[in-house]
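*Asks:* Quick one: this structure, given as structure tokens, is what I'll be asking you about.
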Amino acid sequence: MRRLHPTFLALACATRLAAGDAITPGEVTTPWPTITNLAVEWAFTGDDDADSTVDARFRPVGATDWREAMRLRRVVGGDSQTVEPVFTWATRHSGSIIDLRPDTEYEIALTLTDPDGGSAERSVRVRTRPVPQAAADAPVRKVGPSTIASLQAGEIGLLEAGDYGEFHAPRDGEPGKPIVLRSLDGSAVFKHISLHERKWVFVEGVTVRNPDQDQTGIKMNFSERCVVRRCTIEATNGIRATQIPGARESYIADNIITGTTPWTNAAMGAGGANIGEGIEMTGPGNVICFNLVRGHRDCISTYEATPTEQICVDIIGNDIAVGADDGIEADFLHHNGRVLRNRLTNCFVGISSQPGFGGPNYIIRNVMYNLAYAPFKLHRGSVGDVVLHNTVVKCGDGMACFSGTAFDQAYFRNNLCIGGPNGGEVWGGYGSGNSWAAHLAAHGPLCSFDYDALGTHLTPFHVRIGKFNADSIEELRKGPHEQHAVQVGMDVFDGVAFPDPPLPEREAPDLRPRAGSAVVDVALRLPNINDGFAGDGPDMGAYEAGQPLPHYGPRPVGVDESTPPAEAKPAKSATAKPVKPAVDSGPHRIAIETALRGAGTFPVETSMTVMGDAREVVVVGADESGLHATVREGTLPVRWASVSDLDLARIAASACRDDAATLSHAWHLAGAAREQKLRDDIGRRLLEIDPAAFKALRTPQ
């Protein structure tokens, strides 16, 4: 037999290894666009040495300048370890581009790099979804309990006051022609609404009260492109779609949802005396945003019984309190779930990912105060959690995940977490930890932890990450994790009390960092995540020092994702004075409402935002409750609280055009609404009738 030379054999083996190390690019996909976020995935084979990367840039189609996005995550394929039936996911590059404009087509440029060969570039175009609205010219008619079921595709039903009992929507709307069930003042009261198997049905402004034990306010199983907006729901379970495949591309926004679970030790935990899901949605592309949810076992949750298609789910801007088990239970998400900028107060667990199926699933800029157990429940072998810029202040351990089963492929950066005394009780049967700065009990080899601000209040500094322990920040920085960590205490904030013990309920404090504190300017730069920093670099935690707080919970009427962002000027540096707050519109509104009731000259023809839609109306009067307007369908009562600053200023400018004092208040409201043209028009009118009043507006106070 002929023998091969050893050198030839070595070269052959090296060639085969190099071939496995080189990458072969596959298909690029952009699954389930949402209103403000896009996912992009790039499949591949090869890259056995796992050294490929994908950089991303994006811009609106037609724009010149590119913006850099966060690098896609390299997802290592695997299968669920503690879930049956077993769910399997593929190796690929995957990630999200966040905080985009609705109904806008974007160009995404991707650069795949592998030093072993196979590098490539791709470009894709994808459009974000629009904020769901009825057509501007949609016919509107009044309906009551006996006629509500007659609404057809494309119609807006203006619901008369009354008891509607249990209502099952009988038919679908159509794309561009939804069926809209709309109450202008919440006087249309239901016990239960079913959107089962419905498409393009919008429920807006109604009241749902369901006192029956363990019953649901609004069910959305098997629905598509349905909306629940600005409703008030009092029920054990608020809004649910829990039967597989759930609901698709729902929009659940600006609702107030209240359950019956109290904030007590007996109610805390998985085995506590708690009940109900505030919002529980199964399925892809769902957007759950700016809701006020309190008093449930889990305030917002995804389905957690059987693996199903739960991808590209957005949970954004919600104000959550009294989640006796989980504040946000983002369980069984496959990839590109986005839990962004939520505020959680008085919860047992902050955010659960139990488990995530490969990810990436993003947990970004959430604020958690007064938790009794853990801020991050990455249990049951969760894979692919990306945990960035969160702020946590809680009793026991600060940056904590107590699972004995390792989570893996997690990426922690720029979080601010403070622990301290444990409150002297075993809360919810589990306890809050050891009063350490950080305790991540078990993690896999592909996790990465760094650039976090960690600390304790009135207890010694200690960090445990896996089997590594550190009793000082210097010792921590010399270890395998957190080489750029920062030590902090409660003095990083301004006058915030440490929540010891967690009972009774506590108000949500202002957790913005003090200018000049240890977290300022020292966070890791993450494109598309912390672009808008004010000083020499981004700050650790959920907030930038000196910047306005984000909005949590229901937004003012007329404000949604399509509203242009406020043109706030950031502080020039982290040590500069905080940005001057926006105009306090409250006193100006009260003065204008009083003037309209007493001396307003009507009628006034104007456009107004009503339940999110711009309407041409004729305002015919005002009283203690609000404005009285007419539209082509009849009289339209509009509560004062539902009138935006801009609309109120516009009406005052017409109805009180000879009243200098009221015009001055309208000028301030127009400024608060950042409507410069209206403000200039009011100023010119003031100059005509009362130059001294106009001069007073321009004189610094």
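*Asks:* Any chance you could check the Cα centroid distance between segment 389-422 and segment 165-219 for me, in angstrom?
*Replies:* 39
*Asks:* Follow-up question, since we're still on this one. Can you give me the P(r) profile for segment 199-309? Cα pairs, bins 5 angstrom wide beginning at 0, each as a whole percent.
*Replies:* 3, 13, 24, 24, 20, 11, 4, 1, 0
*Asks:* Right, another one. Sequence-distant or interchain residues sharing an amide H contact under 5 Å with Ala270, placed H: which?
*Replies:* Residues meeting the amide H criterion: none.
*Asks:* Right, another one. Under a Cβ-only charge scheme (Lys and Arg +1, Asp and Glu -1), can you give me the dipole magnitude of the chain about the Cα centre, in debye to the nearest 20?
*Replies:* My answer is approximately 760 debye.
*Asks:* Got a sec to turn the phi values of segment 343-357 into Karplus ³J(HN,Hα) couplings, 6.51 cos²θ - 1.76 cosθ + 1.60 with θ = phi - 60°, whole Hz, x for Gly and Pro?
*Replies:* 10, 10, 9, 6, 10, 6, 10, x, 10, 9, 9, 9, x, x, 9
*Asks:* If we count other beta carbons within 10 Å of each Cβ, what is the order of Glu507, Glu675, fewest first?
*Replies:* The fewest-first ordering by Cβ neighbours comes to Glu507, Glu675.
*Asks:* For segment 373-387, in order, what is each residue's ³J(HN,Hα) by Karplus, 6.51 cos²θ - 1.76 cosθ + 1.60 with θ = phi - 60°, in whole Hz (x at glycine and Pro)?
*Replies:* Once θ is set to phi - 60°, the couplings for segment 373-387 become 10, 9, x, 10, 9, 9, 9, 6, x, 4, 10, x, 7, 10, 10 Hz.
*Asks:* Would you give the gap between the C-alpha center of segment 488-525 and the C-alpha center of segment 430-447, rounded to a whole Å?
*Replies:* Cα centroid to Cα centroid, the span is 21 Å.
*Asks:* Next question, about the same structure. Would you work out which of Ile23, Ala120, Pro60 lies farthest towards the positive end of the dipole of segment 21-127, given +1 charges on the beta-carbon of Lys and Arg and -1 on that of Asp and Glu, about the Cα centre?
*Replies:* Pro60
*Asks:* So, one more: Once you keep just the Cα pairs under 8 angstrom separated by 6 or more residues, what percentage relative contact order results for segment 21-127?
*Replies:* Normalised by residue count, the contact order of segment 21-127 is 33 percent.
*Asks:* Could you calculate the contour length gain from Ala161 to Thr594, that is, 0.36 nm times the residue separation minus the distance between their Cα atoms, to one decimal place in nm?
*Replies:* Full-extension gain reported as 153.2 nm.
*Asks:* Just to be sure I understand the model, the point goes 7 Å from the Cα along the line to the Cβ. What's the resulting Leu697 to Ala120 distance in nm?
*Replies:* 6.0
*Asks:* When only C-alpha pairs under 8 Å and at least 6 residues apart count, what is the relative contact order of segment 586-698, in percent?
*Replies:* Answer for segment 586-698 is 22 percent.
*Asks:* Using square roots of five times the C-alpha gyration tensor eigenvalues, list the equivalent-ellipsoid semi-axes of segment 315-440 in whole Å, biggest first.
*Replies:* After diagonalising the Cα gyration tensor, the semi-axes are 21, 15, 13 Å.
*Asks:* For every helix of n ≥ 4 consecutive DSSP H residues, a contribution of -39,500 (n - 2.57) applies; sum these over the chain, divide by its total residues, and give [θ] at 222 nm rounded to the nearest 500 deg cm²/dmol.
*Replies:* -3500 deg cm²/dmol
*Asks:* Another one. Over the chain, calculate the relative contact order: mean separation of alpha carbon pairs under 8 Å at least 6 apart, over the residue count, as a percent.
*Replies:* 7
*Asks:* Could you list Ser187, Ser432 so that the one with the fewest beta carbons within 10 Å of its beta carbon is first and the one with the most is last?
*Replies:* Neighbour counts put them in this order, fewest first: Ser187, Ser432.
*Asks:* Okay, next question. Label points 7 Å out from Cα along the Cβ direction at Asp214 and Ala149: separation in nm?
*Replies:* Between Asp214 and Ala149, the label points sit 2.9 nm apart.
*Asks:* Less than 13 Å Cβ to Cβ from Gly626, Lys/Arg counted +1 and Asp/Glu -1: what total charge do the surrounding residues give?
*Replies:* Charge balance in the 13 Å sphere: -2.
*Asks:* Right, here's the next one. For segment 276-293, just list the computed ³J(HN,Hα) in residue order, Karplus coefficients 6.51, -1.76 and 1.60, θ = phi - 60°, integers in Hz, with x standing in for Gly and Pro.
*Replies:* Calculated HN-Hα couplings, in order: x, 10, x, 10, 10, 10, 10, x, x, x, 7, 10, 10, 9, 6, 9, 9, 10 Hz.
*Asks:* While we're on this one: Regarding the chain, what whole-number volume in Å³ per residue does the convex hull of its Cα atoms give?
*Replies:* Given the Cα convex hull of the chain, per-residue volume reads 183 Å³.
*Asks:* Further question on the same structure: Sequence-distant or interchain residues sharing an amide H contact under 5 Å with Asp326, placed H: which?
*Replies:* Asp298, Cys299, Val349
*Asks:* How far apart, in nm, are two points set 7 Å out from the Cα along the Cα-to-Cβ line at Glu474 and at Glu505?
*Replies:* With each label placed 7 Å out from Cα toward Cβ, I get 4.7 nm.
*Asks:* Sticking with this one: Just how many % of Cα pairs in segment 586-698 lie over 16 Å apart, if you round to the nearest whole percent?
*Replies:* Summing the P(r) of segment 586-698 above 16 Å gives 55 percent of all pairs.
*Asks:* I would also like to ask the following. Which ordering of Cys299, Cys401 is given by a fewest-first count of other beta-carbon atoms within 10 Å?
*Replies:* Cys401, Cys299
*Asks:* Roughly how compact is segment 21-127, stated as its Cα Rg over 2.2 N^0.38 Å to two decimals?
*Replies:* 1.16
*Asks:* Share of antiparallel DSSP beta bridges in the chain, in percent to the nearest 5?
*Replies:* Just about 35 percent of them are antiparallel.
Values quoted throughout were computed directly from the atomic coordinates according to the rules given, and no laboratory measurement underlies them. Quantities reported herein were computed from a predicted structural model and do not represent experimental measurements. Counting neighbours? That spans all protein chains shown, and the Cβs are built from the backbone with ideal geometry, glycine included.
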